[in-house]
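Working notes, beginning with the structure itself.
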Ligand code: IMP
């Protein structure tokens, strides 16, 4: 079976991605012995995804993909966006980020938001990008314990519950990462003739 490394240490993400890919042997950074934290210094999802994928490719020589993702809120001028992981500052803390977003949205009428994911894939030495978005609205209070990050307040379009309450299966079907991962999997299937 073809091997593919996921350039991430985020357990929530790895769990979600593993559930979406069947016919590839997925390796985590732990599996390949890569222990460094890779900085995400850029202001675009593409550049941050690329630096992660390329760093791990140089280390391992294997096919690898990285995603960079975040939540974009029009009422906040697009923030937290590419800085979603550090919205409440360092050290990176999902719970504090969520509390800050709830607070920053307290008096906002426009509660629309969308998650965005960019995947950078290094496949046989070539670099490819895949994109996914998931649109919805932000609840004023958190509900549910599923997913991770901002999920307890994110209500996807067409639903009345947050990603914190909806099942992992539903989230994978709708999510930005699900859309991008499926595009990548289709591409890889073509490449390997699966
Ligand atoms: P990065 O892609 O590792 O830089 O981090 C993305 C950050 O965006 C996460 O730490 C979360 O704060 C947020 N995020 C991205 N995708 C999701 C998601 O599916 N649910 C909740 N939060 C997410």
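Details
- Among (1) touching a helix residue (DSSP H, G or I) at 6+ places or on another chain (Cβ under 6 Å); (2) not in a loop (DSSP other than H, G, I, E, B), the one test that residue 164 misses: (2)
- Only listed residue being assigned to a helix (DSSP H, G or I), touching a strand residue (DSSP E or B) at 6+ places or on another chain (Cβ under 9 Å), closer than 22 Å to residue 15 by Cα and more than 10 Å from the ligand (Cβ to nearest atom), chosen from 53, 75: 53
- Exactly one residue among 178, 147 is surrounded by 16 or more Cβ atoms within 10 Å (Cβ to Cβ), under 16 Å from the mean Cα position of the chain (by Cα) and outside any helix (DSSP H, G or I), and that residue is 147.
- Test: residue 142 is more than 10 Å from the ligand (Cβ to nearest atom), surrounded by 15 or more Cβ atoms within 10 Å (Cβ to Cβ), farther than 25 Å from residue 120 by Cα and modelled with pLDDT of 90 or more: yes
- Test: residue in the range 80-89 that is under 19 Å from residue 133 (Cα atoms), more than 15 Å from the chain's Cα centre (by Cα) and within 13 Å of the ligand (Cβ to nearest atom): no
- Flag if residue 66 is buried (at least 18 other Cβ atoms within 10 Å of the Cβ) and over 20 Å from residue 149 (Cβ atoms): no
The values are calculated or read from the model by the stated rules, or taken from the named source; none is laboratory data. No experiment lies behind these values; they were computed from the predicted model shown. Neighbour counts run over all protein chains shown; Cβ positions are idealised from the backbone, glycine included.
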